[in-house]
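Enquirer: The structure is given below, and queries will be raised subsequently.
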Amino acid sequence: MIFFLKSSSRSVHDQEHHHEPVAEAEVETRINDGTCTSLTVWRKSLLISCNGFTVINSCGDLVYRVDNYIDRPDELVLMDGSGKSILTMRRRKKLGVLVHNWFVYEGEVGNYCATNKLSKKPIWCVRKNINILQTNHNVLAYVFRGSTDKRHSFVIEGSYTRRSCKVIGGSRKVLAEIKRKEAMVEGISYGVEVFVLNVEPGFDPGFAMGLLLILDQMFP
């Protein structure tokens, strides 16, 4: 599978990872022109030695990328097309044991400080649905604001392994959707390695992509 990206003046190897603070409220409200954003997601890094994701928009521009040097990392950094860190997704540890919860931080988190606590606080928490007694088995995960909220802000439903799931907000409004990519030529299938992320106006595409990365770890 080959994608043609618009050329950039900076090499992938020359890009520096840096972070500019972003207000928490912008995670939900950042949007470009009030129209639905459609992104093509390729489950492959641009770097030969890495696993990851390459995301392009409808104009063929590289908008997001993820480069992982290990197969199932406990930390994921979402970068824009120039290599700037946008969000960090880190799997939560409880009593030293990894659990099915992921924290989302602004920018790049870095290492633990001397007190063994992160200097940044998470802006979102994504919890995998593991309640076998729940009647709605279509729920994949719940998204909470910060790390202390008891009531979820969004719910993710569907099947990620089949590339068919939705991020749902209040009043059951669909905010983002992962769908299989339909080939323009009959008889050609993209499979599950190339798919589409559609994001509705008023919902941040970067945050939607961060949720997609977490789902990819929760449901390999």
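Enquirer: Need one value: the accessible area of residue 75 in square angstrom, 1.4 angstrom probe, rounded to the nearest 10.
Expert: 60 Å²
Enquirer: Here's a follow-up. Of the listed pairs 44/179; 84/166; 121/150; 94/120; 84/121, which have alpha-carbon separations greater than 23 Å here?
Expert: 84/166
Enquirer: Tell me the label-point distance for the pair residue 159, residue 219, using the 7 Å Cα-to-Cβ offset, in nm and rounded to one decimal.
Expert: 0.9 nm
Enquirer: Okay, next question. With all protein chains present, calculate the accessible area of residue 149 using a 1.4 Å probe and round the result to the nearest 10 Å².
Expert: Residue 149 exposes around 60 Å² with every protein chain in place.
Enquirer: To continue, here is another question. Residue 44 to residue 174: FRET efficiency via 1/(1 + (r/R0)^6), r the Cβ-Cβ distance, R0 35 Å, to the nearest 0.05? It would help to have the intermediate numbers written out before the result.
Expert: Numbers: r = 27 Å, r/R0 = 0.77.
The formula returns an efficiency of 0.80 here.
Enquirer: Quick one: which residues, 5 or more positions from residue 190 or on another chain, have an amide H under 5 Å from its amide H? H modelled 1.01 Å from N in the peptide plane, none for Pro or chain starts.
Expert: When sequence neighbours closer than 5 places are left aside, the close amide H contacts are 183.
Enquirer: If you don't mind, there's one more thing I want to ask. Multiply the residue gap between residue 69 and residue 94 by 0.36 nm, knock off their C-alpha separation, and tell me the result in nm, one decimal place.
Expert: Length difference between fully extended and current span is 6.5 nm.
Enquirer: Can I ask one more? With just the Cα atoms defining each centre, how far is region 144-214 from region 46-86? Give it in Å.
Expert: Region 144-214 and region 46-86 have Cα centres spaced 17 Å from each other.
The values are calculated or read from the model by the stated rules, or taken from the named source; none is laboratory data. Quick caveat: nothing in here was measured; it's all calculated off a predicted structure. With ideal geometry, Cβ positions are generated from the backbone for all residues, glycine too; neighbour counts draw on all protein chains shown. Calculation scope for accessible area: heavy atoms of the full protein, side chains included, ligands and nucleic acids excluded. Shrake-Rupley method; radii C 1.70, N 1.55, O 1.52, S 1.80 Å.
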